[in-house]
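Enquirer: What follows is a single structure, and I will ask about it in a moment.
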Amino acid sequence: MRTSSLFEQAQEFLQLYYSESNLDGFGKRLDQVQVEILQTGTYRLTEKELSYGAKLAWRNSNRCMGRLFWKTLKVRDRRTLSTVEEVFADAMAHLKSATQGGKIRSTLSVYASADEADAGFRILNKQLIRFAGYMLPNGEILGDPDAVAFTSYCRSLGWEGKQTAFDVLPLVIQREGELARWFAVPEDQVLRVNLVHPDYSWFQELKLQWYAVPVISDMRLEIGGISFPCAPFNGWYMLTEIAARNLGDEQRYNMLPVIAKKMNLDQRQVKTLWKDKAMLVLQEAVLYSFQAQGVTLVDHHTASEQFLEFCKQEEAKGRSVQADWAWIVPPAAGSTLGVFHQEWENQILSPNFHYQPASWKQDKASKAPNFAAGKCPFSNN
Ligand code: ARG
């Protein structure tokens, strides 16, 4: 539990930034920040500090396996945007420049923090692009079961989906103190990959697909004691996120029984390993389809090697890697991966990304947006 003041948190971050970047003038900058905090209760990060801080937040993300590339993060400083329309248009611009037609670029955009002069924003979606889930009258779910609650919230705001298994949800943006607004995401902003299998022609009859770019949009970015509740960021997909979890989990699209049936596998007993065989075919299809369409995606074996390289680089710099084993080790291929055989400390360093309360869940009952997180410059998180 951290109990340091805003000034101490600013000091800790600036020290890190100045020393890792070999910059002069740390003392002068710190004095400036101290005066600013005394006069206004907070301080404003420079664009360069923000940019380095965001990279550090990625480097410190204990659950992320893709951290080898932390230095390449493209940071878009959009703190001056002041309306939800501007934030929406800019989020679409983020998507476009991150997607790059399939050559995905790790990108983060920062919008106004809750304690800057203007009101802060929240994007209520988990990701900029995600598929809707509809509870049908017969109790079945069409689309992504994980999105059922958010989908009905969107419908309560007046959005109507096409009712397919892969409808992209609208983007719901809220300015502090105002009601949430929704915006349809134009179809031409969404790169989708239709899934086919290199050997099995029946696979395409399943009409499966996934979107190319996962842009996490509901986490709070914290740098030097300053909170940014609206700071969407993306990398590219790792194979198992789509092929094991999103399409394979029983509580998600649950495709393994369907694939196993096409493969004529005996599903009466688990010991026939029908799930393992079906999942492998699903993995082959996702990997092949992304490759064929020229969309960046990393398989879990390569990602494991890259993460171990990150650990090596960090240790060479004298820093000990913090990582959450249960999240780092992929959900398939376990002990064949190098990361399976490692252990790490799991402390939460700063800067970092944090979960924050989903304001739309409270919104329903109280109509009052929840901006408690990150509001007080002297609070303890
Ligand atoms: N697991 C999430 C999903 O399947 C995405 C999380 C971020 N993943 C990433 N490769 N940057 O949509």
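Enquirer: Given 0.36 nm per residue, what is the gain on full extension from LEU136 to ASN194 after removing their alpha carbon distance, in nm? All intermediate terms of the calculation are to be shown ahead of the outcome.
Expert: Working: separation 58, 0.36 × 58 = 20.88 nm, distance 2.47 nm.
18.4 nm is the gain from fully extending LEU136 to ASN194.
Enquirer: For GLU315 and GLU47, what does the FRET efficiency come to when R0 = 25 Å and r is the distance between their Cβ atoms, rounded to the nearest 0.05?
Expert: Given R0 = 25 Å and the Cβ-Cβ separation, E is 0.25.
Enquirer: Among GLY66, GLY224, GLY25, which one moves the most in a GNM of the chain with springs linking Cα atoms closer than 10 Å?
Expert: Maximum fluctuation in the GNM of the chain, among the listed residues, is at GLY25.
Enquirer: Going toward the positive end of the dipole of the chain, with +1 on Lys and Arg Cβ and -1 on Asp and Glu Cβ, which of SER304, GLN127, THR80 do you reach last?
Expert: GLN127
Enquirer: Along the Cα→Cβ direction, 7 angstrom out, place labels at GLN34 and SER201. What is the inter-label distance in nm?
Expert: Inter-label distance under the simple model: 7.6 nm.
Enquirer: Measure of size requested: the Rg and Dmax of the stretch 96-187, with Cα atoms as the atom set and Å as the unit; please supply both.
Expert: 15.3, 50
Enquirer: Then there's this: At q = 0.22, 0.26 Å⁻¹, what is the base-10 log of I(q)/I(0) for the stretch 1-74 according to the Debye formula with one equal point scatterer per Cα and no solvent? Please give it to two decimals.
Expert: Reported log10 I(q)/I(0), two decimals: -1.05, -1.24.
Enquirer: Which entries in LYS55/LYS317; LYS126/LYS275; LYS74/LYS96; LYS126/LYS207; LYS71/LYS317; LYS48/LYS126 show an alpha-carbon gap greater than 21 Å?
Expert: Values: LYS55/LYS317 16 Å; LYS126/LYS275 29 Å; LYS74/LYS96 13 Å; LYS126/LYS207 24 Å; LYS71/LYS317 14 Å; LYS48/LYS126 27 Å.
Violating the 21 Å limit, Cα to Cα: LYS126/LYS275; LYS126/LYS207; LYS48/LYS126.
Enquirer: Which length gain, in nm to one decimal place, applies between GLN293 and GLN15 when the Cα-Cα distance is subtracted from 0.36 nm times their residue separation? Provide the component values of the computation, followed by the final result.
Expert: On the way: separation 278, 0.36 × 278 = 100.08 nm, distance 4.43 nm.
Between GLN293 and GLN15, full extension yields 95.7 nm more.
Enquirer: Could you work out how much longer the chain between LEU179 and SER4 gets when fully extended? Use 0.36 nm per residue separation minus the Cα distance between them, nm to one decimal. Working shown, then result.
Expert: Working: separation 175, 0.36 × 175 = 63.00 nm, distance 3.37 nm.
Extra length from LEU179 to SER4 when fully extended: 59.6 nm.
Enquirer: What residues qualify as long-range amide H neighbours of ILE104, i.e. H under 5 Å apart, gap of 5 or more or another chain, H built at 1.01 Å from N?
Expert: For ILE104, the qualifying residues are THR296.
Enquirer: Using a Förster distance of 22 angstrom, determine the FRET efficiency expected from the C-beta separation of ALA326 and LEU273, and round it to 0.05. Walk me through the intermediate numbers first.
Expert: Numbers: r = 24 Å, r/R0 = 1.08.
So, using R0 = 22 Å, E works out to roughly 0.40.
Enquirer: Also: Distance from the Cα centre of the stretch 28-89 to that of the stretch 287-304, in angstrom?
Expert: The stretch 28-89 and the stretch 287-304 have Cα centres spaced 30 Å from each other.
Enquirer: At 1.4 Å probe size, put MET92, MET279 in order of accessible surface, largest to smallest.
Expert: Values: MET92 15, MET279 40 Å².
Ranked list, largest accessible area first: MET279, MET92.
Enquirer: Return the Rg/Rh ratio of the stretch 217-272 with Cα-based radii and a Kirkwood Rh. Spell out each step's value before the answer.
Expert: Numbers: Rg = 18.9 Å, Rh = 14.6 Å.
Checking Rg against Rh, the ratio lands at 1.29.
Enquirer: Let me ask you something else. For the chain, with all protein chains present and a 1.4 Å probe, just round the carbon and sulfur fraction of the accessible area to a whole percent. Let's see the in-between values first.
Expert: Details: 9340 of 18050 Å².
For the chain, the apolar C and S fraction of the accessible surface comes to 52 percent.
Enquirer: What do you get when you divide the Cα radius of gyration of the chain by 2.2 N^0.38 Å, with N the number of residues? Spell out each step's value before the answer.
Expert: On the way: Rg = 22.0 Å, N = 381, 2.2 N^0.38 = 21.0 Å.
Taking the Cα Rg and dividing by 2.2 N^0.38 Å, one obtains 1.05.
Enquirer: From the helices alone, meaning DSSP H stretches of at least four residues, give me the mean residue ellipticity at 222 nm for the chain, per-run term -39500 (n - 2.57), in deg cm²/dmol to the nearest 500. Before the final figure, lay out each step's value.
Expert: On the way: 10 runs with 123 residues, N = 381.
Rounded to the nearest 500, it is -10000 deg cm²/dmol.
Enquirer: At SER97 and ARG155, where each label point lies 7 Å from the Cα along Cα→Cβ, what is the point-to-point distance in nanometres?
Expert: Simple spin-label model gives 3.7 nm for this pair.
Enquirer: Also, quick follow-up: State to the nearest 20 debye the size of the charge dipole of the chain about its Cα centre, where the only charges are +1 on K and R beta carbons and -1 on D and E beta carbons. Each step should come with its number before you reach the end.
Expert: On the way: 42 positive and 43 negative charges, 81 e Å.
Charge dipole of the chain: 380 debye, to the nearest 20.
The values are calculated or read from the model by the stated rules, or taken from the named source; none is laboratory data. Keep in mind it's a predicted model, so treat the numbers as computed, not measured. Positions of Cβ are generated from backbone atoms using ideal geometry, with glycine treated the same way; all protein chains shown enter the neighbour counts. What goes into the accessible areas is simple: the full protein's heavy atoms, side chains included, and nothing from ligands, DNA or RNA. Shrake-Rupley method; radii C 1.70, N 1.55, O 1.52, S 1.80 Å.
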